[in-house]
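Worksheet for the structure shown next.
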Amino acid sequence: MATVRLSDVVVPDSFTSYVVENTAERSELVTSGVMSRNAEIEAQLRAGADRFTVPVWLDLGNDEANIVNDDPDDEAVPRKLGSTSYKVRKSYLHQSWSAMNLASELAGSDALARIQNRTTAYWTRQLQRRLIASLNGVLADNIANDGGDMLFTASGAFGATAVIDAAATLGDAMRDLRAIAMHSDTYALALKNDLIATVPDSRGGFIQTFRGMAVIVDDLSTVDRTDPDAPIYTSVLFGPGAVAYGMTAPRIAEGTEIENRPGAGNGGGQQILHTRANIAIHPAGFSFTDASVALESPSIGELALASNWTRVAERKNVPLAFLRHG
C-alpha cells in the first residue's frame, strides 16, 4: 500500500505562505479589526536585530494663539513640534511535530491535509495568546505606573453602565471604540440580559454588537478565580488601530522544513515537520522595555509582565480601555 508522505507533498515556501495568510484569516481578533496587520512591522521582521524603534511625531500643542499687534520689534516665538518613539520587540518562534512512517502506513490517510489545518490553527492560537498576554502586560504597567487610568473596576456584574464607565476613561475619544472582547461567561450573561444585538451578514452567518461595538468572545480573556464563587473577569474595549502586528517567515531559516530520519523505527522511518514564524504584536502607545526577558525572544509569560511595558502616549491617544467586573 503506497503512502503519500510529507516530503512528497509539502512545498515549503507555499506551505509557509499558506500558514501565514490563513492564520490571520482565522483569528477573530484580526478579522474584527482589533489587530491591524502592519507592513512596516513585517518589513522590520525580515531585517536584522531583535527589536526596532518607531519614531512618532506628537500633535501640535494647545498654546493660545498670539494676539497680533503693530509693534515691529515684537517678534512671535515659534513653537516646536514634539516627538517620541516606541520600541517593538520581535519574537522568533518555532514548533515541530513528528510522525512515524509506519503509523501513516497503517492509517492510510493523507497526513498533509490534517497538518495544514492544524498548523494554521496552532499559529492562530499562538497569535491570540501573545496578544492577550501583551494586553495583560500593558494593563499591569498602567496600574503600576499610570494610576490605572485605563481601567474601570465595576462593583457588580457586567452591564451597560460598567462598559460606559470603562469607555469614559478615554474622555471624548470614547466614541471611537469599535469592539469589545469578553469571556464566554460574560457573553452568556450579556445574552441573558438582552444586551447583544444580532444581525445576519451577507455570508449566511451573523454579526453581534454591544452598544454598536463588535463583540469578540474568547475564553483566553483574563479571569481571576481566587474566589471560585465570585470570579473576576476582564473585558477589553478597542478603538481603531489599538494593536498592530506582523507575522512573516524567517529571513534566513526555512519557514517550513521537513526532516527525514530513515533509520528511526528500526528502519521504518520518521518524518518531522518544522515550522517557524517571526511575530511582533504591539499595542498602540506603548513601548516594550525588555526589562524582564530571559532568552532571545519574550515568552508569553514575559509579555504579560508590567516591567516589560511603558506607556509613551497620552491616555486619549491609546485606543484601549479595560473593564473588571464580576
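Each residue in the stretch 117-156 was checked for being modelled with pLDDT under 90 and assigned to a loop (DSSP other than H, G, I, E, B), and 1 of them qualify. Annotation note: of Pro262, Pro228, the sole residue that is over 18 Å from the mean Cα position of the chain (by Cα), over 25 Å from Ala304 (Cα atoms) and without any contact (Cβ under 8 Å) to a residue 12 or more places away in the chain is Pro262.
Selection of the stretch 188-242 for residues being touching a Ser or Thr at 6+ places or on another chain (Cβ under 7 Å) and farther than 30 Å from Asn317 by Cβ yields Phe206, Asp219. When each of Ala154, Ala144, Ala168 is tested for being more than 26 Å from Met247 (Cβ to Cβ), without any contact (Cβ under 8 Å) to a residue 60 or more places away in the chain and not β-branched (Val, Ile, Thr), the lone residue that passes is Ala168. Against the list (1) part of a loop (DSSP other than H, G, I, E, B); (2) among the acidic types (Asp, Glu); (3) surrounded by 14 or more Cβ atoms within 10 Å (Cβ to Cβ), the condition Glu302 fails is (1).
Filtered by the rule that a residue be surrounded by 14 or more Cβ atoms within 10 Å (Cβ to Cβ) and more than 21 Å from the chain's Cα centre (by Cα), the stretch 116-147 gives Gln116, Asp146.
For the stretch 305-326, filtering for residues that are buried (at least 20 other Cβ atoms within 10 Å of the Cβ) and within 30 Å of Thr161 (Cβ to Cβ) leaves 9.
Of everything in the stretch 200-225, what is hydrophobic (A, V, I, L, M, F, W, C) and touching a residue at least 12 places away in the same chain (Cβ under 8 Å)? Give them in sequence order. Write out each step before concluding.
To start, the set of residues in the stretch 200-225 that are hydrophobic (A, V, I, L, M, F, W, C) comprises 206-207, 210, 213-217, 220, 223.
Correct list: Phe210, Met213, Ala214, Val215, Ile216, Val217, Leu220, Val223.
For the stretch 122-132, the set of residues classified as within 20 Å of Arg276 (Cα to Cα) and out of contact with any Lys or Arg (no Cβ under 8 Å at 6 or more places or on another chain) consists of Tyr122, Trp123, Arg125, Gln126, Leu127, Gln128, Arg129, Arg130, Leu131, listed by residue number. Considering only residues in the stretch 201-254 that are more than 26 Å from Ala280 (Cβ to Cβ) and among the polar types (S, T, N, Q), the one that is modelled with the lowest pLDDT turns out to be Ser202.
Which one is farthest from Asp149 (Cα to Cα) among residues in the stretch 265-287 that are polar (S, T, N, Q) and part of a strand (DSSP E or B)? So that I can check it myself, show each step before the final result.
As a first pass, look at the stretch 265-287 and keep what is polar (S, T, N, Q): 266, 270-271, 275, 278, 287.
Those still in the list that are part of a strand (DSSP E or B) too: 270-271, 275, 278, 287.
On the way: Gln270: 54, Gln271: 52, Thr275: 40, Asn278: 32, Ser287: 17 Å.
Checked the stretch 265-287; the qualifying residue farthest from Asp149 (Cα to Cα) is Gln270.
Put simply, of Ile180, Ile252, Ile232 the only residue that is farther than 25 Å from Ser36 by Cα and in contact with a strand residue (DSSP E or B) (Cβ under 7 Å, 6 or more places away or on another chain) is Ile232.
For the condition in contact with a Ser or Thr (Cβ under 8 Å, 6 or more places away or on another chain), modelled with pLDDT of 70 or more and surrounded by 11 or more Cβ atoms within 10 Å (Cβ to Cβ), what is the one hit in Leu102, Leu58, Leu93, Leu106?
Values: Leu102 fails: in contact with a Ser or Thr (Cβ under 8 Å, 6 or more places away or on another chain); Leu58 fails: modelled with pLDDT of 70 or more; Leu106 fails: in contact with a Ser or Thr (Cβ under 8 Å, 6 or more places away or on another chain).
It is Leu93.
The values are calculated or read from the model by the stated rules, or taken from the named source; none is laboratory data. Keep in mind it's a predicted model, so treat the numbers as computed, not measured. Cβ coordinates were reconstructed from backbone atoms using ideal geometry, including for glycine residues, and neighbour counts include every protein chain displayed.
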